[in-house]
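Step one of this worksheet: look at the structure below.
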Amino acid sequence: MKAKLMGVLNVTPDSFSDGGQFQTVEDAVSRGLKMVEEGVDILDVGGESTRPGSSAVSLQQELDRVTPVIKALKLRSSIQISIDTMKPDVAAAAIEAGATLINDVAGFRNEKMVETAVQYDVDICCVHMLGIPKSMQNQPEYKEGVIEHLLRWMEERVEYLTKAGVKDQRIILDPGIGFGKTVAHNLEILHNLNKLKSIGFPLLVGASRKSFITKILGKPPLELGAATIAAHTAALLGGADYIRAHDVAEHRDVLDIVSCLQSQ
């Protein structure tokens, strides 16, 4: 299938790259509609930062951030909307508001989140994360190697999800760039996406402005646009089916060029 572009729309004050930029409903909706104009395929709306070291927000606070934005976007666009959350009640409210994809960085560890996915029969993105956001970057280690670990994790997650009633065609897998990974782990993942593709499910890669690129280049998140594109181009050539990014217009061009190359 042709790779799809997921645009990041964080309605948070503290996300690592764009925190505080789109805190009001009006600002977030305007940004979302701008991304639609720029060629995004999916808008990923999030109301809780999952940057390294972050703490959870309350259920009500997250609901208040995301549901008005999703409702307003659905009134003005037919774009597919994803809800980026670890809370089942937020996922359910977002779906009622118009979202059709649950993006769970906790990898559907919560049984109620799985039940929500089955109940509403929506697409899901199951993300690998080592531990929780607050501590995931505290010396992450994979004794068997990160690729072997991810292969086993993906197989286990798919078996668990499908047995619970999630349809195969609804599942997207995300190796979790930056979620409990060292620089070396992240580079190894990008270099070995073909092995992860052997599981047989679509892969999503989100390296946009992540700290491992900062550690390589010594630049802050807002100066990582070109480097992000380089990482995502490698991911697309390695077989990624979805790219999650902040800079939509630039990534739209990248996806279209790579698609042309792959169709030759």
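The values are calculated or read from the model by the stated rules, or taken from the named source; none is laboratory data. Source: prediction; values computed, not measured. Counting neighbours? That spans all protein chains shown, and the Cβs are built from the backbone with ideal geometry, glycine included. Side chains included, ligands, DNA and RNA excluded: accessible areas come from the protein's heavy atoms. Shrake-Rupley method; radii C 1.70, N 1.55, O 1.52, S 1.80 Å.
Gly200 falls short on exactly one of the conditions (1) assigned to a loop (DSSP other than H, G, I, E, B); (2) surrounded by 14 or more Cβ atoms within 10 Å (Cβ to Cβ); (3) among the small types (Gly, Ala, Ser), and that condition is (2).
For the stretch 32-68, which positions are assigned to a helix (DSSP H, G or I), open to solvent by less than 30 Å² (accessible area, probe 1.4 Å), touching a Ser or Thr at 6+ places or on another chain (Cβ under 9 Å) and not small (Gly, Ala, Ser)? Selection gives Glu62, Val66. Listed by first and then second residue, the pairs linking a residue in the stretch 249-264 that is under 14 Å from Gly239 (Cα atoms) to a residue that is basic (Lys, Arg) and open to solvent by 30 Å² or more (accessible area, probe 1.4 Å), with Cβ atoms under 9 Å apart and 6 or more places separating them unless they lie on different chains, are Leu255/Lys2; Leu255/Lys4; Ser259/Lys2; Gln262/Lys2; Ser263/Lys2. Within the stretch 34-74, the residues that satisfy the criterion of being within 19 Å of the chain's Cα centre (by Cα), within 18 Å of Ala99 (Cβ to Cβ) and small (Gly, Ala, Ser) are Gly46, Gly47. Among the residues of the stretch 69-98, the ones that are open to solvent by 10 Å² or more (accessible area, probe 1.4 Å) and among the polar types (S, T, N, Q) come to 3 in all.
Here the condition is being surrounded by fewer than 19 Cβ atoms within 10 Å (Cβ to Cβ), assigned to a helix (DSSP H, G or I) and in contact with a His (Cβ under 9 Å, 6 or more places away or on another chain); of Ala226, Ala234, it holds for Ala234 alone.
Which one is most open to solvent (accessible area, probe 1.4 Å) among residues in the stretch 155-173 that are closer than 15 Å to Val105 by Cβ and either in contact (Cβ under 8 Å) with a residue 60 or more places away in the chain or part of a helix (DSSP H, G or I) (or both)?
First, the residues of the stretch 155-173 that are closer than 15 Å to Val105 by Cβ: 157, 172-173.
Narrowing the set further to residues that are either in contact (Cβ under 8 Å) with a residue 60 or more places away in the chain or part of a helix (DSSP H, G or I) (or both) leaves 157, 172.
Working: Arg157: 27, Ile172: 8 Å².
Top of the filtered list is Arg157.
Residues in the stretch 42-74 that are in contact (Cβ under 8 Å) with a residue 60 or more places away in the chain and among the acidic types (Asp, Glu): Asp44 alone. Within the stretch 123-142, the set of residues being closer than 17 Å to Ile81 by Cβ and open to solvent by 10 Å² or more (accessible area, probe 1.4 Å) comprises Asp123 only.
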